[in-house]
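Read through the structure below, which is laid out as structure tokens, and then see the notes.
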Amino acid sequence: MSTVIKIKLLIVIALFFSSFSVFSQKKLLDSLFSIEISRKAEEFKTEKYFTKATSYFIQEEWDSTLVYSMKQLSLPNLDNSLLDYCHFFRAYSFKQKKLLIEAQNEFSLVSTKFVFHYFVKIYFGEIALEQNKYKKAIPYFLEVENLPKDKEYFFNKSTVQHNLGLCYLHLEEFDKAEFYLLESVKLQEEQNDSVILVGSYGDIAGLYYEQYKDNLAIPYFEKAYNLSKKIKDFQLKQNSALNMAVVEENRKNFPKALVYRKEYEQWRDSLNDQNKIWQVAQLEKQFAVKEKQKEVSLLQAENKIKIAERNGFFYSAIVLLLLLGTSFYFYREKIKTNKVILAQKETLDELNATKDKLFSIVSHDLRSSVNAMKTSNAKLLENLETKNLEELDSLLHQNSAIANGTYNLLDNLLHWALLQTKQSYFEIIAMRLFFIVEQVAYNYQSLLVEKNIHLENIVLKSDMVFADQESLKIILRNLLDNAIKFSNENGVIKIYTQNNNDTFCELVIEDNGIGMTEPTRFSLLKETTLLAKKANENTIGTGLGMQLCKSMIQKNKGKLNIESEFGKGTKMIVSLLKTPPNG
């Protein structure tokens, strides 16, 4: 075999090998394991968050699994087995989302008493293998390989053996690699899994080729090619045909090599068409979501108008009844009634002013956001045609920021309206602050990365407060959103607690951003129902978020304080009860 052809064949094998190297326990949720975790959920059916986390885990809804398992972990006095299941659910979800570091951290929190702890070993090995840490991965796989044979396990042994073979192959310990790869293929042939076998045959061919054993490598390339005809994976078909083309070129059988080359090009074109169809589907999905958001926004605006009209009629009726009642009283009572009417009129004027200000600001910000999204989407379509990937990436991030800002505005508007109409539901319970902060902070990772801001959650896990969980999340979201918004790039945000009082626990959100002047600080702390536009017009905001925070802190029997100096950052201090409120 000439050096040129040898190098060419090596490149093809490397492509094939890198695409199908790491095999994972993808049948984790099948049969007996699924039954076992369902049984566990039934055992703890009173734990509603754990039940939901289990259901979403079985349905492979990883984001929802992360949310509800974290909610379960935030509750006090958890059963140890529940802790293990929750950490395992979170670790596996992070792994499926390719967040390997987070997955490792969660797996490390699963105790050795966990009934499926051998899965933890397997996934530690797979993560190390994906990180190219082959020597680190081998002990995990060997420990699972040497488990006692007299017990029933739910993992795929061929996958463990195959990954062991890959580790040894990368370390150039070819004898061990050959043993484990061939053993795994035997089991896979019994299981008749064609997709996995195509990859396994290619890996064995690569093993022999690394040792210049072409007579052993080529039959496995042929096996992979013949088997690829029975599957629907275009990428596997393409790689198999390309490998056979190079094999035939090496044999000087150029007519046959040309046939394989044409087949390779056909599968490559099919794969490209498939990718284009997927891209178009993604764009259609994004457009549908945007249209749905417009419908939701319109319906919400209509509902707010109806509520405002209803309240207007209600207050007008009260005023009319009071006026009719005054005719039956003597002069002094008339004076008292007039005072009451005057006070109510002032309240109505203030509420009407707030309503008018709200609709003016919100409609302006919504119009600006939608117009910005419309302009950005037009640019997105233009750059999609020219395939300007750098500009596409910038526009997609811009669209994401606009959508997040608009969503936060609408979310605050909804909760503000619920507070004003006294339709919000509050349930003050005991909770651990650390986990609530972690859950809220997780949703802001992309914004933090975009501005390169470092967030430190140093709240003690032992800190307990009494508050309504959902309203506390709204408070944290608004304060953290402001901290990010008014922080400079490469800034630092710290979240911690101060326990200087027997009644209150002080939660502090501290940033080193632009800070604020004393008049601004005073106006933010002032008790008022009127809304005010932020001084920094470059940021989207109505002042509604801060007003909502103050109202919800008050509903939770807490206090708000602000420490800030212009140009030196801000501390937002929320005082929450350590003991249940009376009455």
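Which pairs in the list Lys336/Lys555; Lys151/Lys230; Lys304/Lys345; Lys334/Lys526 are over 27 Å apart, alpha-carbon to alpha-carbon?
Flagged as over cut-off: Lys336/Lys555; Lys151/Lys230; Lys334/Lys526.
Straight-line reach from Lys237: which aspartates and glutamates fall under 20 Å, measuring Cα to Cα and dropping same-chain residues less than 8 apart?
In chain and number order, the partners are Glu189, Asp193, Asp203, Glu222, Glu248, Glu249, Glu263, Glu265, Asp269, Asp273.
Can you pick out the pairs among Lys379/Lys571; Lys98/Lys223; Lys40/Lys71; Lys374/Lys485 whose Cα atoms lie more than 29 Å from each other?
Pairs exceeding 29 Å: Lys379/Lys571; Lys98/Lys223.
What net charge do the residues around Lys339 carry, taking every other residue with its C-beta under 13 Å from that of Lys339, with Lys and Arg at +1 and Asp and Glu at -1? If you can, show how the numbers build up before the last one.
On the way: positive: Arg332, Lys334, Lys336, Lys345; negative: Glu333, Glu346.
Once all neighbours under 13 Å are counted, the net charge is +2.
Quick one: if the Förster radius is 25 Å, what FRET efficiency do Asp193 and His117 give, using the C-beta to C-beta distance and rounding to 0.05? Don't skip to the end; give the middle numbers.
Working: r = 26 Å, r/R0 = 1.05.
Given R0 = 25 Å and the Cβ-Cβ separation, E is 0.45.
Give the long-range amide H neighbours of Ser564: residues separated by 5 or more places, or on another chain, with amide H under 5 Å away, using H modelled in the peptide plane at 1.01 Å from N.
Correct list: Lys571.
Please turn the phi angles of region 454-462 into ³J(HN,Hα) values with the Karplus equation 6.51 cos²θ - 1.76 cosθ + 1.60 (θ = phi - 60°), one per residue in order, whole Hz, x for glycine and proline.
Once θ is set to phi - 60°, the couplings for region 454-462 become 8, 9, 10, 9, 10, 5, 5, 5, 8 Hz.
Starting from the amide H of Leu455, placed 1.01 Å from N in the peptide plane, find each other amide H under 5 Å away whose residue is 5 or more places distant or on another chain.
Sorted by chain and number, the residues that satisfy this are Ile493.
Here, each number is a calculation from the coordinates, and none is a lab measurement. In this text the structure is predicted, and so the values were computed from the model without any measurement. Positions of Cβ are generated from backbone atoms using ideal geometry, with glycine treated the same way; all protein chains shown enter the neighbour counts.
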